[in-house]
Structure formats: C-alpha cells, structure tokens
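Chemist: A single structure is presented below for examination.
The values are calculated or read from the model by the stated rules, or taken from the named source; none is laboratory data. Remember, predicted model here, so these are calculated numbers, not experimental data. Reconstructed Cβ throughout: ideal geometry from the backbone, glycine too, with neighbour counts over all protein chains shown.
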C-alpha cells in the first residue's frame with residue numbers, strides 16, 4: 001500500500017470523532033448538533049473503511065454503506081423535527097426544548 | 001515518486017478534513033457550518049479513494065455532499081434568522097466538561113491505536129485492483145449481505161414517511 005499506513009487514517013478518524021463529539025456537547029443550535037452528528041458518523045465510516053482495507057475484506061465497506069443510509073434517514077427525521085419545532089414557535093435552542101425533561 | 005505523491009494527497013485531504021470539521025463546530029452561522037461540512041465530506045471522499053473504496057467515495061459525494069447537504073441548506077434557508085442560536089450553552093463548568101470529555105475520547109482512541117501500532121496495524125493485506133469496485137460491492141450486497149440490504153431499504157422508507165409526517169401541519173395547528 002502506497003503512502004500512509006492504515007493507522008494514520010484511524011488517527012484522522014479519532015480526531016474527527018472527538019471534534020464532532022465536542023460540537024454535539026457544546027453547541028446549542030439543533031442544526032449544528034445534527035451537523036456535528038454527521039461528522040461523528042463519517043469518522044466512524046472512515047475507521048470502518050480503513051479497517052476494511054487493512055483486513056482486505058469488503059465487509060467493512062458494506063457496513064459503511066449501511067451507516068450512510070442510516071445517516072440519511074436520521075437527517076430526514078431530524079430536519080423534520082427541527083421544522084416542526086420552528087412551526088410550533090419553539091425556540092431553536094436545545095437548552096430551551098426541555099418540556100420532556102424528567 | 002508515486003509514494004510521495006500519495007503522501008501529499010493524503011496530507012491535503014486529512015488537513016482539509018480536520019480543518020473543515022473544526023469549522024463546522026466553531027462557526028456561528030449554521031449556513032456556513034453546512035458549507036464547511038460539504039468540504040469535510042468531499043475531503044473524506046478523497047481519503048476513501050486512497051483506501052481503495054471507489055464506490056463509497058462516489059456514494060459519499062452523491063448521497064452526502066449532494067442530496068443530504070442540499071436538504072440541510074434548504075431547511076437552514078427556510079428557517080432564516082430563527083436558525084441562529086447562542087454559540088454555547090450551560091455554565092462554564094459544563095462547557096469545560098464537554099471539552100474535557102471530547103479530549104478524553106480522543107486520548108483513549110489514540111492510546112489504543114498506539115498500543116496496536118507495531119503489530120496488528122503494520123502491514124495491510126494485499127488487495128486486487130477490483131477491491132471496492134461497484135461490481136464487487138453489488139455482488140456482496142446481493143449474496144452475503146442481502147438481509148442488511150433489504151433492511152436498509154425499509155429503514156429509508158420509514159425515515160422518508162417519518163419526515164413527511166413531521167413536516168405536514170394539521171389544520172388545527174395552523175390556526176393556533
């Protein structure tokens with residue numbers, strides 16, 4: 001394999017995952033929380049594809065495709081929720097959407 | 001020479017990927033965050049190509065950078081100024097805890113990788129030229145992973161119906 005070994009890709013995936021986790025925990029706009037979730041899912045995908053290359057088996061890439069489909073579904077439902085929140089006049093702020101808080 | 005070129009491409013793609021990832025979580029305006037995420041997904045597609053995942057790189061650009069991000073940008077445009085929320089929430093302690101938790105995740109993964117660096121991560125398997133091509137992926141999907149393929153289609157159908165149900169307003173709510 002030319003160029004960097006699989007480990008370097010995994011380190012990029014780790015940094016990317018931590019970045020996304022920070023965004024999910026830190027930001028208040030639900031839109032940016034969703035975008036950060038996408039970063040985390042893609043970091044997981046990168047790790048899956050890197051391990052798939054390491055093992056020489058395509059199963060990891062199949063798994064990554066399934067993750068992509070789930071991410072697309074998650075975006076559809078998440079954006080639907082955000083639009084529904086905006087229509088009902090709920091503030092688009094994850095700290096204020098606390099009606100269901102225990 | 002070819003090896004050096006691969007390193008340069010890897011470095012540019014990884015750097016662009018990490019920089020645009022930081023931009024997504026740090027920019028104030030969700031519209032710019034979404035644009036930065038498109039850059040992130042495009043540079044990830046380059047990394048996929050370097051890992052011999054041609055079909056996934058194409059799917060990444062078509063499905064993510066194309067379809068999903070267009071949906072994001074439309075919703076952000078629809079919400080307009082209402083999409084802006086204060087940058088960070090909670091008390092300073094919560095904010096520090098969030099950063100510490102993210103750093104802890106990063107350090108744990110890097111330590112585990114460092115432990116495996118010498119032996120199990122050293123030599124990747126030899127693969128043929130058709131590794132990761134649409135043909136091979138399609139064959140696996142229709143043989144070994146047929147159940148996963150069918151379940152994925154049901155997940156997408158349910159998510160599409162859910163999106164429509166959440167997006168439609170009933171007349172009663174419209175008046176309220």
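Chemist: Here is a list: B:106, B:121, B:51, B:37. Which entry is buried (at least 18 other Cβ atoms within 10 Å of the Cβ), under 22 Å from residue A:58 (Cα atoms) and either more than 9 Å from chain A (Cβ to nearest Cβ) or within 22 Å of the chain's Cα centre (by Cα) (or both)?
Modeler: Working: B:106 fails: under 22 Å from residue A:58 (Cα atoms); B:121 fails: either more than 9 Å from chain A (Cβ to nearest Cβ) or within 22 Å of the chain's Cα centre (by Cα) (or both); B:37 fails: under 22 Å from residue A:58 (Cα atoms).
It is B:51.
Chemist: Looking at (1) at the interface with chain A (Cβ under 8 Å from one of its Cβ atoms); (2) in a helix (DSSP H, G or I); (3) free of Cβ contacts under 8 Å to residues at least 24 places away in the same chain, which is the only condition residue B:126 fails?
Modeler: Going through (1) at the interface with chain A (Cβ under 8 Å from one of its Cβ atoms); (2) in a helix (DSSP H, G or I); (3) free of Cβ contacts under 8 Å to residues at least 24 places away in the same chain one by one, residue B:126 breaks only (2).
Chemist: Would you pick out the residues in the range B:1-34 that are in contact (Cβ under 8 Å) with a residue 40 or more places away in the chain, assigned to a helix (DSSP H, G or I) and more than 8 Å from chain A (Cβ to nearest Cβ)?
Modeler: To start, the set of residues in the range B:1-34 that are in contact (Cβ under 8 Å) with a residue 40 or more places away in the chain comprises B:6, B:9-10, B:28-31, B:34.
Next cut, assigned to a helix (DSSP H, G or I) only: B:6, B:9-10, B:30-31, B:34.
Correct list: B:31 only.
Chemist: Of all residues in the range A:45-62, how many are surrounded by fewer than 18 Cβ atoms within 10 Å (Cβ to Cβ) and in a helix (DSSP H, G or I)? Step through it out loud before you land on a result.
Modeler: Start the filter on the range A:45-62 by keeping residues that are surrounded by fewer than 18 Cβ atoms within 10 Å (Cβ to Cβ), which leaves A:55-57, A:59.
From what's left, in a helix (DSSP H, G or I): A:55, A:59.
Of the residues in that region, 2 qualify.
Chemist: In addition: Just need a number here: residues in the range A:36-57 that are farther than 13 Å from residue B:48 by Cα and either touching a strand residue (DSSP E or B) at 6+ places or on another chain (Cβ under 9 Å) or more than 7 Å from every other protein chain (Cβ to nearest Cβ) (or both).
Modeler: So the count comes out to 5.
Chemist: While we're here: Of the conditions (1) over 15 Å from residue B:13 (Cβ atoms); (2) more than 12 Å from the chain's Cα centre (by Cα), residue A:9 fails just one. Which one is it?
Modeler: Every condition holds for residue A:9 apart from (1).
Chemist: Going through the range B:54-63 one residue at a time, which ones are more than 7 Å from chain A (Cβ to nearest Cβ) and either crowded, with 21+ Cβ neighbours inside 10 Å or under 27 Å from residue B:30 (Cβ atoms) (or both)?
Modeler: Residues of the range B:54-63 more than 7 Å from chain A (Cβ to nearest Cβ): B:54-55, B:57-58, B:60-62.
Residues satisfying the conditions are B:57, B:60, B:61, B:62.
Residue by residue, here is whether (1) over 24 Å from residue B:145 (Cα atoms); (2) under 22 Å from the mean Cα position of the chain (by Cα); (3) touching a residue at least 60 places away in the same chain (Cβ under 8 Å) holds:
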position: A:47; (1), (2), (3): no, yes, no
position: A:57; (1), (2), (3): no, no, no
position: A:63; (1), (2), (3): no, yes, no
position: A:74; (1), (2), (3): no, yes, no
position: A:80; (1), (2), (3): yes, yes, no
position: A:85; (1), (2), (3): yes, yes, no
position: A:90; (1), (2), (3): yes, no, no
position: A:98; (1), (2), (3): yes, no, no
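Chemist: Restricting attention to the range B:79-92, and to residues there that are part of a helix (DSSP H, G or I) and at the interface with another protein chain (Cβ under 7 Å from one of its Cβ atoms), which single residue is modelled with the lowest pLDDT?
Modeler: B:83
Chemist: Checking the conditions here, which among A:83, A:90, A:70 is under 24 Å from residue B:85 (Cβ atoms) and within 7 Å of chain B (Cβ to nearest Cβ)?
Modeler: Just one listed residue meets the conditions, A:83.
Chemist: Still on this structure, I have one more. Residue under question is residue B:101, and the condition is that it be within 9 Å of another protein chain (Cβ to nearest Cβ), modelled with pLDDT of 90 or more and surrounded by fewer than 18 Cβ atoms within 10 Å (Cβ to Cβ); does it hold? Spell out how you get there, then give the answer.
Modeler: Values: within 9 Å of another protein chain (Cβ to nearest Cβ): yes; modelled with pLDDT of 90 or more: yes; surrounded by fewer than 18 Cβ atoms within 10 Å (Cβ to Cβ): yes.
Against the criterion (within 9 Å of another protein chain (Cβ to nearest Cβ), modelled with pLDDT of 90 or more and surrounded by fewer than 18 Cβ atoms within 10 Å (Cβ to Cβ)), residue B:101 qualifies.
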